[in-house]
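Following: one structure in structure tokens, then a few remarks.
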Amino acid sequence: MYENNSGYDRGVSTFSPEGRIFQVEYAMKAIELGSCVVGVTTREGIVLGVEKRITSSLMEKDSVEKVVEIDSHVAAASSGLTADARTLIEHARVECQNHRFTFDEPLRIESLAQSICDLMMSFGEGGEENKSKMSRPFGVSVLLAGWDHRRGAPALFCCDPSGTYVGYKAHAIGNGADTARSTLEESWSETLTLAEAEKEVAVILRRTMEESVSADNVEIIRVTPTGGYAPVSEEELKALLEHAEAAAAAVAP
Amino acid sequence: MAFAAAAASSGGPAFFSSAGAAPMAADIGPAAATVVPKSVGIKEHRFEPYDFNGGTVLAIGGKDFVVVAVDTRLSEDYHILTRDVNRSVVLSPHCVLATGGCHTDVTTLHKVIDMRVKDYKHDHEVDIETHSVAQMLGNTLYGRRFFPYYAFNVLSGLDAEGKGAVYTYDAVGSFERVPYACQGAGQRLIIPYLDNVVGFKSRTDKPEGDLTPEAAVNIAKDAFITAAERQIRVGDSIRIFTIARGVAMKEARFAIRED
């Protein structure tokens, strides 16, 4: 970024002369420091894999929750400031339940992404009339993975701190996301099965993570049209990670 | 002001009416002091927000279609206000709401629901499904639990599988999906007929094969012709909507007796 931002990075309500809001761009930077999240869509369902940072052997591994259920048909994982993500997750869950109450149907994933982004861009120097406003951008990106019942198709959306959302066939955010994305560009195809996608997610996490992968620091979940949100069991996860190790060994003997 | 001044200065007239001040007790004489002439009697003013303007709605669901019929007579007491009123609203290419009751409530409710359906389309970029309209209409009615819309709704459309769906409501939003329904002024005359010829209730001669849209339209016409014979609020004409899978919605008019 620029050597001298001339003070234009101090506030979130002033554009720089180049037309940028620096605080938003810095927030994007915060995400690159976060742990890696990978999502892959297939015709059978959608897979979300995350890296869990276990920084001490004294940490309770289960207390680090990286992938969460928003509703029975959507999962979310975030990269960046976890505390900020919790606000967004709470908002997303309420939106889903409200929609079910009003319309007796699951909320579409794109609509959910839109509603999260509405909250994400409602930061600013809130005056008297708006006390609940965040004074700064949210420091997280959220990857939403779910099943769109209206299209009968998987949906993967990424919401970023600027309040923008984009739909993807496969996507990665956080640490090592660039490597993960270029791998996905090569490997993703229309005909991918759910099992293949799970393997691919394990392989990518193995490649991008600094720590060696194990059932303790990796979490994989799937969302299918019939089963909804379903975490991959520990045995299945171990098998996937073994596959990832074997694949890596085969490439680099 | 005049009242206050008169009452204060002279112990003035006790009552006012369109005929002016009521005579004071002294003018009538002591014997008549307790008798208040009828023309100046106390009138109790009540808030009467509801009126019943008639309206009968009928819907028959089939395997891949639904037929909706609703009459066009707008009445108030023994008057016919118009023979050509619209009590229905097309909410989406596969969904119609038709309503009897207090017509001002009916039009307002239709506007509210239509607005919410359009909002849904803008928010989610797809047409709303019939069961979602059903839930939303139920919530909208329940939202007025303590000052209800005086409106009796039948919501009809195709469901997500393309089957005919009919939902029937009470005024405060309790609803149910049913094979066929009738609400409003002619309800008590029409429901037994539908039970017999659509529901085949207590009959052992239920025919093979499914009801066709044409047969359902004929049943709807017969039902209204029959109801118009005995119920003064039913008459003039009916609007008939036919919503079938894979075909555009059709609307037709059918005249029934006007007296």
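The values are calculated or read from the model by the stated rules, or taken from the named source; none is laboratory data. Everything numeric here is computed off the predicted structure, so don't read it as measured data. Every residue, glycine as well, gets a Cβ built from its backbone with ideal geometry; the counts of neighbours run over all protein chains shown. Heads up: the accessible areas ignore ligands, DNA and RNA and are worked out on the full protein's heavy atoms, side chains in. Shrake-Rupley method; radii C 1.70, N 1.55, O 1.52, S 1.80 Å.
From the Kirkwood radius over Cα pairs of the protein assembly as shown, Stokes-Einstein at 4 °C and 1.567 mPa s returns a whole-number translational diffusion coefficient of 46 µm²/s.
Of all lysines in the structure, the ones whose alpha carbon falls short of 20 Å from that of residue A:169, not counting any fewer than 8 places away in one chain, are A:199.
For residue A:238, a cut-off of 20 angstrom between C-alpha atoms picks up these aspartates and glutamates, skipping any fewer than 8 places away in its own chain: A:51, A:60, A:62, A:65, A:196, A:198, A:200, A:210, A:211, A:216, A:219. Loop-located GluC sites (Glu not before Pro) in region A:149-190 (DSSP state other than H, G, I, E, B) with a sparse environment of at most 11 neighbouring Cβ atoms within 10 Å: A:190. On the protein assembly as shown, 52 percent of the accessible area sits on carbon and sulfur atoms, based on a 1.4 Å probe.
For chain A, which DSSP H helices look membrane-span-like by this rule: Cα extent along the axis of 27 Å or more and mean Kyte-Doolittle of at least -1.0?
Those that pass (Cα extent of 27 Å or more, hydropathy at least -1.0) are A:82-103.
Entry comment: accessible area of region B:56-255 is 47 Å² per residue, from protein heavy atoms only and a probe of 1.4 Å.
Please identify every one of the trypsin sites (Lys or Arg not before Pro) in region B:149-252 that sits in a loop by DSSP and has no more than 13 other beta carbons within 10 Å of its own beta carbon. Numbers along the way, then the final one.
On the way: sites: B:163, B:177, B:188, B:201, B:203, B:221, B:230, B:233, B:239, B:245, B:250; in loops: B:163, B:201, B:203, B:233, B:245.
Within region B:149-252, the qualifying trypsin sites (Lys or Arg not before Pro) (loop, at most 13 other Cβ atoms within 10 Å) are B:201, B:203.
Evaluated over region B:56-255, the count of Lys pairs having alpha-carbon atoms less than 18 Å apart is 6 (only pairs 8 or more residues apart or interchain). Shown are B:136, A:121, whose ranking by accessible area with a 1.4 Å probe and every protein chain present, most to least, is A:121, B:136.
For the pair region A:86-102 and region A:18-36, the centres of their Cα atoms are 26 angstrom apart. Per residue, the protein assembly as shown reaches -10500 deg cm²/dmol at 222 nm when only DSSP H runs of four or more residues are counted, each adding -39500 (n - 2.57). Chain B and chain A together bury an accessible surface of about 1100 square angstrom, both sides counted, with a 1.4 Å probe and no ligands or nucleic acids included. Report the normalised scattering of chain A as log10 I(q)/I(0) at q = 0.09, 0.15, 0.17 Å⁻¹, calculated by the Debye formula with identical scatterers on the alpha carbons. Taking Cα atoms of chain A as identical point scatterers yields -0.41, -1.06, -1.28.
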